[in-house]
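Heads up, the thing below is written out as structure tokens.
The values are calculated or read from the model by the stated rules, or taken from the named source; none is laboratory data. If you're wondering where the values come from, they're calculated on a predicted model, not measured in any experiment. Glycine also receives a Cβ, built like all others from the backbone with ideal geometry; neighbour counts cover every protein chain displayed.
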Amino acid sequence: MPRIFSWLMSCAILVLLTSCSDFDKEFTVRSAKSTIDVSLDGTALVSESFDISVNKMENYGGFYVDIPQRFTDASGGVHWRDFALVAARRDGSDEYYFKENNVPGYSIYIGKEHCKRCPADLFMGVTKIQIAYRLGRLVRQEGDRQVLFLPAYMGRVHDQGAKKTLTLGVPPGGALRPSRDDPAAYEIIQKAPDEFVVSIAAGKRDRVLQDIEIEYPGGTFLGGTSDWRMRWWFSDHFLPFLSILGPLIVGLVVILKFRPSWLLPAPLIVVDVKMTESISPALAAYLFQNWKADAAKAAFMASVCHLAVKRTLRISSLDENADASDLLSKHERRRGKAGRGKWYGLPAATRLVFGRIGKERSVGDRRRVKNARPDVRDQLHRTVTEEYQKVRGIDRWSLAAVVSILALGIAVACFSGLLIFSAAICGILLILFLVLMMVRHPEQFPVPTDGFERFKRAVSLFVGFPVMVIFAISYIGTTEVISEQRPYLVAILLNIVGMVIVLAMLRMPTPKQRRIHTNILILNRYLRGEIDGPAMSIECYEHYLPFAVALDVQHYWTERFNFWRESEKMDAYAPDWLIVSQTDGIIKVSSKSAEE
């Protein structure tokens, strides 16, 4: 809980820092100039400068320059090209900078501090920002022709409109293709065979300008190798691939969880003896009755019977009115390896029932069994649940899927420039989940005994959580998601939903748990005599008797044992773990129960 609270506070501080400035009021972009030199290998070296007026004494201390990396050709195809930052300067001197991902490309921050209230405020007046970078190959093949394509506007500062001039240095021999806009949103003048000057007026249309395309004869630019072509193709499809990979993993997990019958292992047709040795009779009772509350009685009596056949105590009958005596003392449990092995070889649920019976007041050397059942009911259920979870094992595939989906969601958020936006959404969802858990399961969030800890808990609930939600909602409401980012935001939300689905499916039974449940149903048929199974013997009868009690078929199981005993012409069966008043006590007790 404290770690989660600290993480949420960190996210809130990050959101606060990134939303504490109004760039439009602090800065004005007066003009922009770009020089683009295209090489014969199709790459380009770009140098841009921006004249920016600082309008306020207190300001952010730096600027964001948005650089495109995503290009759209005439047919509407989208292509990404490599980007490498060469230099970032302010007023002719190298300046501190860092890069952030965005869907169209990169956002480069140039400035001393990323905080409005820091002492590195820029002085009022005009300052010049200069940035140089290299773009990857900007040439595509169209039949026997090669087309050089460049985005008309290139870099922007805080997405502000300003008059801009682009000087294009290109190989000679190219023919400018006419703009698809009508009228053209920019003016192009060819001053020389290898130089074009593009003039762009300030306005809203400069945000969606069509690419500048220059057509060349085939062979003008060096052809890329197959390795480079593969790299370009991968870069073009990298982010969409990451976006669909998360939902695909979720779909695969769902298919594997609800896989068709032909993918399931062959159904069991015989009793799995090893299974009955690996689980407690109490767990068998709960599984057979689908975890109903009434299963507690059967689980308790099955544990009592299990204690008896393991010679840990003696009982007078198999019903709840039975008495127990000759309990194994703690001294005997601790004495030697045999005693310890005998005791700790019993399931936890069976040992729990033994401990509760031992606490009952004895009359002579006997204790009434049913008096211990109400006190042990809740704890018995928890113990059996823990045993069931251990049987489940670690679902490594589902956990790996959750980690993979989380990593993919973070990667998509980073590359699309939606990391903080996504963190704000996740923060709100996480806080709502914690509050819901506190309401539905208050026992999992015990109230601290220390007064200062209670105070911190109250501050977290009534101050911290609401403040973080307000900051997150404020950031989400004031941050514009551009049209190119929306598909990736949908992918991020699908990843979040996918993680919830996979985590919810962790509660579903594993294949091992389903096999155990199926085997219990088969065991029930075997105990009733409907199918064949292990050969009958005294050892077999005593081994399965606790499970017969758990499944409420002890009379069927005893009748089968009596029939076998008579066919083998055995003497009356009088086990040493039963307090009997007649020679065939266990048989008569079972028969009486059957008649009732």
| remark: Restricting the stretch 276-317 to residues that are among the hydroxyl-bearing types (Ser, Thr, Tyr) and outside any loop (DSSP other than H, G, I, E, B), the one nearest to Val369 (Cα to Cα) turns out to be Ser303
| Which residues, taken from the stretch 527-548, are touching a Phe, Trp or Tyr at 6+ places or on another chain (Cβ under 9 Å) and surrounded by 21 or more Cβ atoms within 10 Å (Cβ to Cβ)? | Leu527, Tyr541, Tyr544, Leu545, Phe547, Ala548
| said: If I filter the stretch 171-183 for residues that are under 21 Å from Asp51 (Cβ atoms) and either at pLDDT 85 or above or not basic (Lys, Arg) (or both), do I get at least one hit? | reply: no
| request: Check the stretch 80-97 and report whether any residue there is over 24 Å from Ser39 (Cα atoms) and at pLDDT below 75. | output: no
| If Arg356 satisfies every condition in (1) within 24 Å of Asn321 (Cβ to Cβ); (2) in contact (Cβ under 8 Å) with a residue 40 or more places away in the chain but one, which is the exception? | (2)
| When you look at Asp73, is it of a type in the set (D, E, K, R), surrounded by fewer than 17 Cβ atoms within 10 Å (Cβ to Cβ) and modelled with pLDDT under 75, yes or no? | yes
| Quick one: is Leu523 at pLDDT 90 or above and buried (at least 18 other Cβ atoms within 10 Å of the Cβ)? | yes
| remark: Leu578: passes all of (1) at pLDDT below 90; (2) in contact with a Phe, Trp or Tyr (Cβ under 7 Å, 6 or more places away or on another chain) but (2)
| said: Take residues that are among the aliphatic types (A, V, I, L, M), within 25 Å of the chain's Cα centre (by Cα) and at pLDDT below 80 and tell me which of the helices (runs of 4 or more DSSP H) falling wholly in the stretch 363-477 contain 3 or more. | reply: none
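Here are Ala458, Ala472: which of them is crowded, with 18+ Cβ neighbours inside 10 Å and among the hydrophobic types (A, V, I, L, M, F, W, C)?
Checking each option against the conditions leaves just Ala472.
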| field | The one condition in (1) loosely packed, with under 13 Cβ neighbours inside 10 Å; (2) of a type outside the set (A, V, I, L, M); (3) closer than 13 Å to Asn495 by Cβ that Pro446 fails to fulfil | value | (3)
